[in-house]
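Written out below as structure tokens is the structure these notes cover.
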Amino acid sequence: MRKTRQTLKKIIDVIRSRRRFLITSHVRLDGDAIGSELALYLILRDMGKEASVYNRDATPQMYRFLPGSDQIMNSMDTGEIFDAVFILDCSDIDRVGEEAPRVGAIRNIINIDHHISNGSFGDLSLLDPAASSTGELVYRLMRELGVNITKDVAINLYTAILTDTGAFRYSNTDRRTLRVASELVAKGADPWWISQKVYENHPAQKMKLLAKALDTMAFFWDRKIAVIHVTKKMLEEAGALWEYTEGFVEFPRSIEGVEVAAFISEIGDRFFKVSLRSRGNIDVESIAGAFGGGGHHNAAACRITGDLEGVRKQLVEAVISNAAERSRRD
Ligand SMILES: [Mn+2]
């Protein structure tokens, strides 16, 4: 806690003493990444600083209602010079994408994240795996800065927290999370308006794709593991975008008796992204870690090469052996 305070003070020193800031996050954006970026962007601008937001990927349609999202760049100017960069919600600097080496060459790297696997890269790391979201950490930073949280900032931070807690349902939701959310509502974030924008604004193609994905549901290990997948072909057939798959993994997880849910998506030739969710004891962070990925105890992701059947098999075996190892230890 004391170290966190010191880090916050050091970050504030950098903000106050520097002028030109870059803000970035991970590829395959989510609500926490974008909401945290835009909140920080708007605050820095309000402080009279120069700030730019760069993401490798375009902002998903569902997050384009966020104030400031039209200012996000998807390419980096070669000539631009920054005094400092904020890397948000990234357990590793490589998560930024192809521009990671250039981002990493910026003098002051400030790493703000809540992933347990964050290796504290950069010059200053504000890390708290107990925080619900990076948005909650950005909120803490703003409180420490003593800046005025405008309605636009509140909307961004509320969305960050809302989406990373699965609408305040996951185990990362606690008193502090709800208190921060309540303060953001007091600053003008309207829960119903934001919920509609995020959760009740789906393109029809997304539901078509979801129907196909649910049709692939397979159970393993006495129905304690449920796996669904989406291939490029399914995406094409539904006329859907990759971003529509956000949240699909919640469907297998919501089934009675399922302890580990996996969503496998084809991202390249013999190359798959695997999103993992668990409830209770099974630590999907360590399972994803075995494949070079990371995340949190109950939510993690990794990439696995091979054909679809092989990937699913490797994954199921990894979950079972992880559980067996755990029960031996306990
Ligand atoms: Mn996050």
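Rule-based calculations on the coordinates, nothing more; no lab input. Note that this is a predicted model, so its numbers are computed, not measured. Here the Cβ is made from the backbone with ideal geometry for all residues, glycine too, and neighbour counts use every protein chain on show.
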Problem set entry | Projected label distance in nm at Ala167 and Val185, using a 7 Å step from Cα toward the beta-carbon | 1.5
Seminar exercise, completed: Note: Lys3 to Ser254 extended length (0.36 nm per residue) minus current alpha-carbon separation gives 86.6 nm
Seminar exercise, completed: Quick calc, the chain, dipole around Cα centre from Cβ unit charges on Lys, Arg (+) and Asp, Glu (-), nearest 20 debye, gives 780
For this session: Name the helices (complete DSSP H segments) of the chain with a Cα length along the long axis of 18 Å or more and a Kyte-Doolittle mean of at least -1.0, or state none.
Result: 2-17, 31-46, 151-164, 308-329
Problem set entry | Glu144 paired with Lys232, simple spin-label distance in nm, labels 7 Å along Cα-to-beta-carbon | 4.4
For this session: Any chance you could run the full-extension gain for Ser75 through Lys224? It's 0.36 nm times the residue separation minus the Cα-Cα distance, nm to one decimal.
Result: 49.3 nm
Problem set entry | Lys, Arg +1 and Asp, Glu -1 on Cβ, resulting dipole of region 204-329 about Cα centre, debye, nearest 20 | 160
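If you wrap the chain's Cα atoms in a convex hull and average its projection over all directions, what's the area in nm²?
On the way: hull surface 67.6 nm².
Hull-based average projected area comes out at 16.9 nm².
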Problem set entry | Per-residue Cβ neighbour rank within 10 angstrom, fewest leading, Thr177, Thr150 | Thr150, Thr177
Exercise. Under 5 Å between amide H atoms, partner at least 5 residues away or on a different chain: which partners does Ile23 have, H built in plane at 1.01 Å?
Worked result: Ser52, Val53, Tyr54, Phe86
For this session: Would you kindly derive the ³J(HN,Hα) couplings of region 230-239 from the backbone phi angles with the Karplus curve 6.51 cos²θ - 1.76 cosθ + 1.60 (θ = phi - 60°), listing them in order in whole Hz, with x for Gly and Pro?
Result: 9, 9, 4, 5, 5, 4, 4, 4, 8, x
Exercise. From the square roots a ≥ b ≥ c of the eigenvalues of the alpha-carbon gyration tensor of region 168-315, which class results: rounded (a/c under 1.5), prolate (a/b over b/c), or oblate?
Worked result: oblate
Problem set entry | C-alpha center-to-center spacing [region 258-283, region 1-72] in angstrom | 29
For this session: Compute the length gained on full extension between Arg279 and Arg328: take 0.36 nm times their separation in residues and subtract their Cα-Cα distance, giving the result in nm to one decimal.
Result: 15.7 nm
Exercise. Per the helix-only calculation at 222 nm, which mean residue ellipticity applies to the chain, given -39500 (n - 2.57) for every DSSP H run of n ≥ 4 and division by its residues, nearest 500 deg cm²/dmol?
Worked result: -12500 deg cm²/dmol
For this session: Would you please put 125-136, 8-19 in order of how densely packed they are, using the mean number of other Cβ atoms within 10 angstrom per residue and starting with the highest?
Result: 125-136, 8-19
Problem set entry | Mean Cβ count within 10 Å, highest first, over the residues of peptides 188-198, 137-147 | 137-147, 188-198
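Using the structure shown, list the pairs from Lys206/Lys232; Lys273/Lys313; Lys151/Lys197; Lys232/Lys273; Lys49/Lys187; Lys212/Lys233 with a Cα-Cα distance above 18 Å, or answer none.
Those over the limit are Lys49/Lys187.
Taking Cα pairs under 8 Å and at least six residues apart, what relative contact order does the chain come out at, in percent? Write out the running numbers ahead of the final one.
Numbers: 608 pairs, mean separation 40.6, N = 330.
Worked out over the chain, it gives 12 percent.
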Exercise. Given labels modelled 7 Å from the Cα in the Cβ direction, how far is it in nm from Glu200 to Asp57?
Worked result: 2.6
